[in-house]
Every structure is written in structure tokens, then in C-alpha cells.
Amino acid sequence: MNSTSRVLELGSPIGATRPGVPPWRFRLQGSDTTWAIAFLIPYLAVFAAFVVYPAVFGLWMGHDPALYDGLFSDPQYLTMVVNTLVFTAIGVNVQMFLAFLLSGFFMSRNWWIRSLLAIYLIPWALPALTAFVSIHYMTVSQYGLLDSLWRELTGEDGPMFLVSRSLATTANILSYIWKWMPFWTLIFIAARMAIPQDIYEAAEIDGASGWRKLVHVTFPLIANVYLVSTLLFTIWTIGDFPTVYFVSSGAPARQTDVLATYGFHMAFDFGYPNRGVAAMMSALPVLIPAVLLLMRRIRVTGVQL
Amino acid sequence: MSIALTPMQPDYRPRLRRRRVRNKIGGVILGGALLIWTLVPIYNMLLIALSDDGDEFTGAIWPQDWNWDSFRVVWEEDYWYLENFWHQLGNSTYMAMTTMVLTVLIASLVSFALGRMRLRRAWIVTDVALLTYAIPSAFLVIPFVYLMRVYGLTDSLWSVIAAEVTFATPYAILILHGYGKLIPLELDESARVDGATPLQLYLRIYLPLMAPALVAVGIYALLLAWNEYLYQYLLITSSRNATVAVAIDQFFDSDEAPWNYMMAVALIYSLPPVAIYFALRRYMVAGLTMGSVKI
């Protein structure tokens, strides 16, 4: 105990002798508690008014079991579930793995790779709206930029991306990767930079090649970041809205809708808000375990994100 | 197998040298591919913006017309979708700035109360923040929009600000809470001895020392609010109160719109975040690493 805290203990005898309490230098008491609560009030108010209340209201909107009967017998709903699973599974895992590999490329100290990194990160800052609208017009017609490029290179007409369900889904996934891979690359670069260099030196002395260093040194050391990022990103991707809304716009014929765009159309285009909420709620059995797992993982290990 | 213990004279060893050349060529190819991959959608915006009206989709891969007229039209609000353009740009700016200020204020108060005042059960607040951060905002959007009607905030920028602050604050709290642990508590103690109240501690000691994290959090909130689309689109109905994001969607929803004007607006709208990114990249990147989410 240093002298400062001793002075303070003398000044605040209440609670100073309570046994079993860790010797905190400051104990919350009296007016301090009031201050602390006053500092928390703005956030608690925002949280109550704009998170708790909407969440409870949403539960109330989607409480009727008949809604779910209607939902599960809707063929569009089933299509949407498949799309969401495909979009999430591929969009997240391919992206994470590529981001991990690219983070190694961007660790280089080369000046041109450093400048390339600055450009490569632009999609992270760019509004999803404008980027995806632009990609929409690259793919929507035979005279969009992608088809024009195809024609320049091969002399033949390119595919009509938004007419085929699989090509439209591919376009959605690639756009999603385009927008978010830079962010995850950056996360992995930060994680790699936290690895001490001497571990690599030790591995080199033991004769490890570049590949073996990647598999046996780098990957185990950032595995936790990788896992937490993948979990978090999976949750985000299940609820992703702008990618599909702008890139394919559900084309062809609402065959590429995902969860968020389906709920959006139900609620605001077709006027069935309760069914939109029910669709969102039907993802909760997947979402809640994922969120709990994520929170547990972060609490136990801690991660930089 | 090259072993680091042998004398390093790589240039005299043809195998290593060949490998190095191969790596270099591979790097250049990968770099070139990434550059094209990143820039094509942005180039496409420019390509369409520089076309004549009606000439946007002619199959050209280079700008044919070099027509800057679409930017003039946007500038002079010379098209009926664009009649409130400058006002809408002002709305976007106002909305994003207010979100930034409120987020920094609310989150710094919370992180101060949690980290410096040793509140019991502080973990509840950080857990709640983490939970709100993890769950996608789209999940709340339908009840949120209906509730805003209950609150009487439809077609108001304040409803958008409320939504953006709600979704920006959790991450801000996590970052500030993590960064605040780096500031020694002894500073608070000595100020206490001098008779400072918690408010004075917050204003005179905490905020100045937290400046780098506050900047990172501020940029995060600013870009989140500027770039967000769903809530802005659903909460605002009139052209007068619309933000630029809503204005762009008006083009997108119509079948016969001058796409060149739309892309000119899109480019102008994309400029501020990209400029902020290039100017304040350090803070943005630092923000990712400064908040160790260990709770």
C-alpha cells in the first residue's frame, strides 16, 4: 500500500476495515457511486430505448406460432435459407482463409507492397452502398463492365450474371469478399505482428521451411484470433443486408434472397412485418449459441479485434 | 534445404537465387491481380459517370465521351432527383458528425465509469456491449422502424442518429475500455488527493490521455454512420430530410434513371470516407489493435 492510498484510507474510514474486500485504493461509496451511475445513464438510456425495447417489441411481433407455419410452408423461405447458408459458409470461410494467406503477403517491408496495402484497404472505407451498386451495374446487363471485358478478351458475349441463380450468388459472394477481405486481412496482419520474431528465428535454426513455419508457428499462434473472427463474422454474415440487396437485388425472381433481404421485402414491400420478424427470429436457434460461444471464447482467452 | 546456420551468401547459390526470383515474380503477379480486383468496381463508377446520358451501357471498357457534365448536373442540382443534393449532403454530414460526437461522449463516460471508478458488476455492461456489437443491426430493423413511429420520430434525422449511435457505441466502449487500462490509476489518485471530483477527473485527466483512442472511435462512428444504409433508407421518407445514401437509392429503385448522374453522386458520396481513410489511416488501424477485448 503506498502513501497516497493510506492518506485516502484515513480520509474515508467507512468500509476501509471491511474484511475480505481486496485492498482497493479507491472504493466506490456515497457520492462516487452516484457519479458512476450518472456516467452510465446515457448509455443505459440508449440501450433501453433502442435495443431492449425494439427487441421486446420484435419478440411480441413474432410470438404467434401461426406465423411460423406460414413461414415454413413458403417455398421462398426455404430458398432463402439455402441461400443464406451458402452465402455464409462460402463467404466467410473462403474469405477468412484468403485473408489469412494475404496477411502473410502484406507483412513484407517492400515499399510497393506497403503502398499496395493502402490501396487494397480502400473497400473497407468505401460505403457498401456505392460499391455494391457499382458491382450491380457491372453485372446486370450484357453491356456492363464485366461482360465488356469478357468480350474484349474472348470476342464472345459474356454470361448474364443476374439471370442465373448460381452466377448471381457467386457475384454476391465475390462482392462480399471484395468489401470485407481487406478488413480481415488487417486483423490478421495485426495478429501476425504480435508474434515475437525470435520464435521464427528458433524455428529457422531447427531447419523449418517457410511452409512449415506457416503451419507450425504462425497458424497455432493466431488460431484464437482466427476462430473468434470467424465466429463473429459468421454472425454478421447471417444478418448481412446490403450485399444481396444491391448486387443481385434478389434476381433472378427473388431466387438469391438471404435472410435480411427476405425479412426486408416481407416487412416493407409486401406489408407483412410480423412475418419478416418471424423470419429473423427463425435464425435465433443458430445465432444465440454462436453468440454465447463467441462471448465465452472472448472472455476466456481475450482477443484483439 | 537451406539452413540459417550456413554463411548467408545467397547470391552465390543458384537455387536460392532462383527461388528468390520466382518469389518476386509471384509477388508482382499477385500484387497486380489484387490491384485490379480492388480498383475495378471503383473504376466502373467513374466509367459510367463520364458517359453521356443513355450511353452508359455500350460495351466500352474505356471512357468514350469523357463527359464531365454529370458532375456539373449534380453540382447545380440540375435534375429532379437531385434537387436537394447539397441539402442532403449537409444532412449526411450533420447526421454523421452528431453520431460521432454522441458516440464518443457516451462511450467515454461508460468506459470511465467502468475502468476508473471500479464499479461493481462492470462486466454486465461490457458483456451487454459485446452482445450488441456481435448481433447484426438488420435483426432489429423491423421493430425499430415501427417503434420510431411510436416515438413520433418518423422522417427525422434524429431517429437515424439514434440508430447509428446505438450500433456504434458498443464497439466504442470495448475499444475505450481496453485502451483505458493502459493509463495508470495513480494519476487519478493524485488528482483525488488534490480534491478533484469524478467529473473533473473525467474532463481534465481521462479525456486528454485517451485522445488517440477517442480519435479512433470517433472515426469509426463517423464512417459507420456515413456508410450505413438500411436504417437511413427506412427511417427517412421525405426528399428534404433524406441523406445522400437515400438519394442514391432513389436512382437505384427506378428503371429509367440517368445512371451517369447516379454514379457521379456515388463518387462524390464515396470521397469523404476515402479521404478520411487516407488522412487518418494510422488512427483507424490503431483502433483495431488498441481495444484488446479482454474483459
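Each value in this text was obtained by applying a stated rule to the coordinates, not by laboratory testing. Computed from a predicted model, the values in this text were never measured in an experiment. Note that each Cβ is placed from the backbone with ideal geometry, even for glycine, and that neighbours are counted across all protein chains shown.
Taking only Cα atoms and a 10 Å spring cutoff, compute GNM fluctuations for chain B and point out the largest among B:I29, B:I276, B:I175.
B:I29
Sum up the charges of everything whose Cβ sits under 14 Å from the Cβ of A:A290, counting Lys and Arg as +1 and Asp and Glu as -1, but leave A:A290 out.
Cβ neighbours under 14 Å give a net charge of +2.
Taking only DSSP H segments of four or more residues, each worth -39500 (n - 2.57), what value at 222 nm results for chain A once the sum is divided by all its residues, to the nearest 500 deg cm²/dmol?
Calculated from helices alone, the mean residue ellipticity at 222 nm is -21500 deg cm²/dmol.
Which percent of the Cα-Cα distances in segment A:45-133 go past 16 Å?
For segment A:45-133, the fraction of Cα-Cα distances above 16 Å is 77 percent.
Whole Å is fine, so just give me how far the alpha carbon centre of segment A:49-96 lies from that of segment B:23-98.
Distance between centres, Cα-based: 34 Å.
Can you tell me, using C-alpha contacts under 8 Å and at least 6 residues apart, the relative contact order of chain B as a whole percent?
Relative CO of chain B lands at 29 percent.
Partner chain Cβ atoms within 10 Å, averaged over the residues of A:135-146 - can you pull that number for me?
Mean inter-chain Cβ contacts per residue within 10 Å come to 5.
Using the Cβ atoms and a cut-off under 13 Å, what net charge is assigned to the surroundings of B:P136, where Lys and Arg are +1 and Asp and Glu are -1?
-2
Counting only other chains, what is the mean number of Cβ atoms within 10 angstrom of the Cβ of each residue in peptide B:44-53?
On the way: counts 11, 8, 1, 5, 6, 0, 0, 0, 0, 0.
The shielding value for this peptide is 3.
Given the options B:T99, B:T243, B:T132, state which has the largest fluctuation in a GNM of chain B using a 10 Å cut-off (strictly under) for Cα springs.
B:T132
Among the aspartates and glutamates, which have Cα under 15 Å from the Cα of A:K213 when same-chain residues fewer than 8 positions away are ignored?
Within the straight-line limit of under 15 Å, A:K213 reaches these aspartates and glutamates: A:D198, A:E201, A:E204.
Cα-based Rg of chain A per 2.2 N^0.38 Å, rounded to two decimals?
Taking the Cα Rg and dividing by 2.2 N^0.38 Å, one obtains 1.34.
What does the protein assembly as shown give for Rg and for Dmax, in Å, if only its C-alpha atoms count?
Reported Rg and Dmax, both Å: 26.5, 88.
With loop defined by DSSP as not H, G, I, E or B, and exposure as at most 15 other Cβ atoms within 10 Å, which is the longest segment of chain B clear of exposed GluC sites (Glu not before Pro)?
B:84-255
Can you put A:H265, B:H87 in order, fewest other beta carbons within 10 Å first?
The most exposed by this proxy come first: B:H87, A:H265.
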